[in-house]
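A quick write-up on the structure given underneath.
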Amino acid sequence: MDLFFQSLLIICLGGFSALTLWRKFYLMKVASVLSIGAGCFLGLYDAMSKMIESGQYSAKLSYLNTYSLSFRVDELSAFFLVIIFAVSLLSAFYSFHYMEDSEKSLRTGVNYFFFSLLIASMALVVTADNMIAFMLSWEIMSLSSFFLVIYNYESGENRKAGYLYFVFSHVGAMFILAAFGLMYGHSGSFAFTANLAAIPESMKILIFILAFIGFGSKAGVFPFHIWLPHAHPAAPSHISALMSGIMIKTGIYGILRVYAILGHHSLACSIIVLSVGIVTGILGVVYALGQNDIKKLLAYSSVENIGIILIGIGLGMLGMASSNPVMAVLGFSGGLLHILNHSIFKSLLFMGAGMILHKTGTRSIDLLGGLLKKMKFTGTTFLIGSIAISGLPPFNGFVSEFFIYLGGFKGVGMDKMTFTMSLLSIISLAIIGGLALACFTRVLGIVFQGEPRSEAARNVNEDGISMIVPMLILAFFCLVIGVYPKMFILMAAKAMSSLNLGFSQAPLEPFIEITGNITCAASIFFAIFLVVLALRIFLYRNKTIGSSGTWGCGFTQPTPKMQYTGSSYAASILEFFKPFAPLHENHSAIKGVFPEKTGYNSHISDIAELHLNNAVVRPVLYLFDKLRWIQHGDIHLYIGYILLAIVLLLFFV
């Protein structure tokens, strides 16, 4: 048995052990975390080895001598496997102290079971080599993540989030199945390696659009993202890190894999991907800026970063369509590297949010404040993640976005359509970067700075070493990739070689030199920083540092209520985007010389959720409600359904 499948077996054993040991809460957690962690470590080692060796490894399992489940690991699969196993390993250890409610012992055991299934199914999705294996793995991934989302099923809001995710997952799966059906109809084979050259060009575009909608629903592209800001707040934080950091990237993997299989480098496909990426990135960060729930904010930020990834991939496709290999390499490499970077800093941010929720019991930004004083590790790592996600040097988000920028600039001097799309991409990336910076300065300033706005924020601690260590490791890699990006760029370039782009050697040499310049600039920055820090320590070595109240702007008794709120901080920016993010305010007017106590509440609406909820979700739920009569509990009629299905199938087989 290959090492890859051994690792999946060990991971699944960790999930099954949780079901058998649920009565012994501590032992269950130890056994599950160690087994899942060991399997992930083994899988990470195997994926790194296969990526370095650049070989292709395949396995096949026949079913009734008719169908086969085949799996293959190439460079693209290995790249995604590295991300899957690395983040899952850290999420497993983070869960040890996060899942500490012994009264929910059975529920915790079930959570670990579906957690292990989710990891294994994601690994199988990115290695599936035929349609049957892919759809089976995809369905297991969707179902296991659904049960993880509804962990706190007592809450009606969480159940609604689970149902919403379930509907969008399976509507997306129908589009993927339709795309696969068209591919099978023309090739006569379920294999991804089948010859599709005979498919007409117009049919290839249709297949790509169907696949893009289906995979885009899982990735969270606009307007199919509306499940995402509901599912992430509902799920436990280590699951949110896994879903946002990895699972939504399986949608990106599917788009890339179908693009490679079809081998159709058309201008239409690149324009579709770029246009959707631009809209997704800008509106994602606008909606994030208007959120007061920290996990919902991070969920919308994931939508934004999916937009950035699609801009990179779209520029790569545009480079292929316009016969510009340098632009193609920069776009695809930047997009793939941003997949890795986003999995790191977004997992870090969700773990930081989980620590905040775990210690304060609230996700509301406006009830927090001053946490950096008592949660130094969480605050520092959250700061690093925020700088990285804003695309600022010297952290990893800057490097991938820099390569995407370069890809856009390589298309500026070409034909009108390439010029227009490249220019729009560059402008959009600049807008997204500015809004992301505003979004995360808002979070950092309100959550970690200032004075506590509630008792929950005032009485906090930072216990839980298994939660702190994964955050420190992720923050460390945010820095390492930002300062020494060469090896990671080469990883992305090697993954890109599986896309059948039509040129034998990626023209990366000039851009590897650029990474050397990034390393040099980052080294100079840190040298200056360390010198200034050393000078500060030396000059203040014998001085007494006092503390006093913050300047109250003329008020003798300032209170936390005088600080900026999340709504007031973002109000001027959201006003500009009001047509796309309608703001709803609820407050009573201030009247009289001595006005009575008043209140203020505001929220922005997601225009996609407003319209798709009516167009997709409600009709589907209405249909399911009308079909409830089928599930009536009479075993005789159930047997009749089975016999009727067999008789009908005999007419077609």
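The values are calculated or read from the model by the stated rules, or taken from the named source; none is laboratory data. Here the structure is a predicted model, which is why all the values come from computation and not from measurement. Here Cβ is always computed from backbone atoms with ideal geometry, including for glycine, and neighbour counts include all displayed protein chains.
I'm trying to understand the selection: among the residues of the stretch 283-300, which are in a helix (DSSP H, G or I) and touching a Gly at 6+ places or on another chain (Cβ under 7 Å)?
Result: Gly284, Tyr300.
Could you say which residue among Leu274, Leu289, Leu210 is touching a helix residue (DSSP H, G or I) at 6+ places or on another chain (Cβ under 6 Å), surrounded by fewer than 24 Cβ atoms within 10 Å (Cβ to Cβ) and touching a residue at least 12 places away in the same chain (Cβ under 8 Å)?
Matching residue, one of Leu274, Leu289, Leu210: Leu210.
Given the options Gly290, Gly263, name the one that is touching a strand residue (DSSP E or B) at 6+ places or on another chain (Cβ under 6 Å) and small (Gly, Ala, Ser).
Just one listed residue meets the conditions, Gly290.
Can you go through Leu318, Leu349 and tell me which one is under 20 Å from Val412 (Cα atoms), out of contact with any Cys (no Cβ under 8 Å at 6 or more places or on another chain) and either crowded, with 24+ Cβ neighbours inside 10 Å or without any contact (Cβ under 8 Å) to a residue 24 or more places away in the chain (or both)?
The unique qualifying residue is Leu318.
Quick test for you: out of Arg107, Arg72, pick the one residue that is of a type outside the set (Gly, Ala, Ser), touching an Asp or Glu at 6+ places or on another chain (Cβ under 6 Å) and surrounded by fewer than 24 Cβ atoms within 10 Å (Cβ to Cβ).
The conditions single out Arg72.
Filter the stretch 85-125 down to the residues that are free of Cβ contacts under 8 Å to residues at least 24 places away in the same chain and hydroxyl-bearing (Ser, Thr, Tyr) and list them by number.
Residue satisfying the conditions is Ser121 alone.
Say whether the condition of being basic (Lys, Arg) and part of a loop (DSSP other than H, G, I, E, B) is met by at least one residue in the stretch 390-410.
Yes.
Of everything in the stretch 503-529 that's over 30 Å from the mean Cα position of the chain (by Cα) and assigned to a loop (DSSP other than H, G, I, E, B), which residue is modelled with the highest pLDDT?
By that ranking, first place goes to Phe503.
Take the residues in the stretch 229-252 that are of a type in the set (S, T, N, Q) and more than 17 Å from Phe147 (Cβ to Cβ); name whichever of them is surrounded by the most Cβ atoms within 10 Å (Cβ to Cβ).
Among them, the one singled out is Ser244.
Filter the stretch 192-234 for residues that are in a loop (DSSP other than H, G, I, E, B) and small (Gly, Ala, Ser); which is nearest to the chain's Cα centre (by Cα)?
Going through the qualifying residues, I end up with Gly220.
Looking at the stretch 1-19, which of its residues are surrounded by fewer than 19 Cβ atoms within 10 Å (Cβ to Cβ) and closer than 20 Å to Asp101 by Cβ?
Answer for the stretch 1-19, where residues must be surrounded by fewer than 19 Cβ atoms within 10 Å (Cβ to Cβ) and closer than 20 Å to Asp101 by Cβ: just Leu19.
Here is a list of conditions, (1) under 30 Å from Ala321 (Cβ atoms); (2) among the hydroxyl-bearing types (Ser, Thr, Tyr); (3) surrounded by fewer than 24 Cβ atoms within 10 Å (Cβ to Cβ), and Ser343 meets all of them except one; can you say which number that is?
(3)
I'd like to check something: does the stretch 459-477 contain any residue that is within 15 Å of Gly397 (Cβ to Cβ), surrounded by 16 or more Cβ atoms within 10 Å (Cβ to Cβ) and out of contact with any Ser or Thr (no Cβ under 9 Å at 6 or more places or on another chain)?
Checked the stretch 459-477: at least one residue is within 15 Å of Gly397 (Cβ to Cβ), surrounded by 16 or more Cβ atoms within 10 Å (Cβ to Cβ) and out of contact with any Ser or Thr (no Cβ under 9 Å at 6 or more places or on another chain).
Counting just the residues of the stretch 235-263 that are touching a helix residue (DSSP H, G or I) at 6+ places or on another chain (Cβ under 7 Å) and outside any helix (DSSP H, G or I), which one comes out farthest from Gly214 (Cα to Cα)?
Checking each candidate, the answer is Pro236.
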